[in-house]
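Here is the structure we will look at.
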Amino acid sequence: SPGIKCGGVLSAPSGNFSSPNFPGPYPYETECTWLIVVAEGSSVLLSFSHFELEYHAACAYDYLQVYNGAARDRGNLLGTFCGRSPPPPFSSAWHVMAVIFRSDRHVAKHGFAAAYQKDACGGQLTGLSGEITSPRYPESYPNDAECRWSIGAAGGGGPLTLVFADFQVEGGQGCGFDYVALFDGPTAAAPRLGRYCGSARPPRTVSSAPHLLVLFKSDFNIGGRGFKAYFYSAGECQEVFTTIKGNFSSPRYPNFYPNNLKCQWSIQLPPGYRIKVFFLDMELEGRSSLTGGCDYDHLAAFDGGAENGSLLGQWCGRESLAPVTSLSNQLLLVLHTDRNTAKRGFSIAYVGVVPMNVSCTRTDFHIQIPVQSLAQLERNRIYLGTPSCAAQVVGGNFKIHTRFDTCGTESQKRNNTSVIISTLYIDFSAGGQEDVHQYEVQCEPKKKEASVTLIAGPDPSRLSQAENLVDAQQREGGETDAHEVKSQDTSDIVFISICILAGLLMVIAVVGLVLL
């Protein structure tokens, strides 16, 4: 409103601010922004002593927003508030915090009063991931300190994981002097998960609920370096998948993901499987204009279950990506976001590529799949072309051995080459949910070369382009036994024998004519 002064930069170590005219009614059509900036390396604790704004279920009229950093970056938004319930105390992840107040042209209330202070310890942490440190870390923490960090979003979520990266607190029997205590809930009345002191890092801790309390206390003498710990939500930001197929997305997708995240999704399938990942949608912060690299927000894929595995790819920006296939039965996807510029995120589907060996002769297909890879399936749920061509169990393998004139095989011309093709069906359907994976098997009889291609996996309507899945391991022959190899070449032996016999008959006929 004209003539109304509000907002500004607050740079003192502590201070107070309030809505215009507080404690009287605030003016209509007003927007105020307060930017709290303290010394770099410090944090800010923000609390509210009074709060009364016009109420709306979605806070669409009058509202107050709190940002963990620069204002209006949706990835830093800690919450939007209205009505009479005051926001919880907030502790910033770094030295900048912003508060925005806005009123519309109807219904004015008394507004709010807030206070902040630098280097405060404890507070309410509501992000999907974040970092907490003892006061003055890595310098020695002060005596007679008591800090409480209550971690967990107001709207709930998944369990929380806390990992200590550094830990040095005064030791003592029973941790009776300085200590860190963890509670499985928002207050110290919740069950205690552990109490730690000394120089040994506490174990990785997972809460049973979407809330976790970290309590730090120091006595009147003898300090230490303190601690640094990271937390993340196991529901949206840390997941492990063991099913043959699945899908997941970045936190809050398709809305903007939060800033300052490190999220991990681990896919772990039985031995022999590989994992194929399909990028259904992706929009992250773009590449650096200086280096051209993904230096800001990015998604990375690693072969295996850890970040020290082979890097399969690293992506950012808005791109249409080709599928990625792991080299082993485990794959790790890691999302890093920085302190600003959030985007829509990503949506991903994956499917486990069943380990199989496909070969052919001039007249036959030979397919074998280890039973342990499909231990939950009956043999009649694995078939070539039609259910009547189901697999047999021979030793430790499901095997299909069929001639080209059966089991739905057909001849086609591809790239001016005659090939024989059929479709292998693996039926994972359960609980009334249809889930049939389809692989096209192909043979070039002249060269006796076979290949297999996934043509229907996690979502056929979205994955229209088939991708060849034959890898070096399969081309090297897998673990086919010697008896099987010999049986595959029987048709060639018969063909050669017929040719030799025909040649002998022709020689006899010619000799007979000469003698006559």
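The values are calculated or read from the model by the stated rules, or taken from the named source; none is laboratory data. Since the model is a prediction, treat every value here as computed from it, not as a measurement. A quick note on method: Cβ atoms are made from the backbone with ideal geometry, for glycine too, and the neighbour counts reach across all protein chains shown. Protein only, heavy atoms only, side chains kept; ligands, DNA and RNA dropped before computing areas. Shrake-Rupley method; radii C 1.70, N 1.55, O 1.52, S 1.80 Å.
In the set (1) under 22 Å from residue 135 (Cβ atoms); (2) touching a residue at least 60 places away in the same chain (Cβ under 8 Å); (3) open to solvent by 30 Å² or more (accessible area, probe 1.4 Å); (4) in contact with a Cys (Cβ under 8 Å, 6 or more places away or on another chain), residue 172 fails one condition alone, (2).
Here residue 108 qualifies as assigned to a loop (DSSP other than H, G, I, E, B), under 26 Å from residue 36 (Cα atoms) and either modelled with pLDDT under 90 or not aromatic (Phe, Trp, Tyr) (or both).
Suppose the filter is charged (D, E, K, R) and either open to solvent by less than 40 Å² (accessible area, probe 1.4 Å) or touching a Pro at 6+ places or on another chain (Cβ under 7 Å) (or both); does residue 339 pass it? Here the answer is no, as residue 339 does not meet what is asked. Looking at the range 200-219, which of the residues that are within 11 Å of residue 184 (Cβ to Cβ) and of a type in the set (S, T, N, Q) is most open to solvent (accessible area, probe 1.4 Å)? Ranking the candidates gives 208 first.
Does residue 85 satisfy the criteria of being among the hydroxyl-bearing types (Ser, Thr, Tyr), open to solvent by 10 Å² or more (accessible area, probe 1.4 Å) and under 33 Å from the mean Cα position of the chain (by Cα)? So residue 85 does not fit the description; no. Looking only at the range 30-75, filter to residues that are β-branched (Val, Ile, Thr) and assigned to a loop (DSSP other than H, G, I, E, B); which one of those is modelled with the highest pLDDT? So the residue we want is 30. Output the residues belonging to the range 90-113 that are surrounded by fewer than 18 Cβ atoms within 10 Å (Cβ to Cβ) and free of Cβ contacts under 8 Å to residues at least 60 places away in the same chain. Selection gives 95, 107.
Could you list, in sequence order, the residues of the range 15-49 that are open to solvent by less than 70 Å² (accessible area, probe 1.4 Å) and not hydrophobic (A, V, I, L, M, F, W, C)? Result: 15, 18, 19, 20, 24, 26, 27, 30, 33, 42, 43, 47.
Filtering the range 415-429 for residues that are loosely packed, with under 13 Cβ neighbours inside 10 Å, assigned to a strand (DSSP E or B) and not hydroxyl-bearing (Ser, Thr, Tyr) leaves an empty set.
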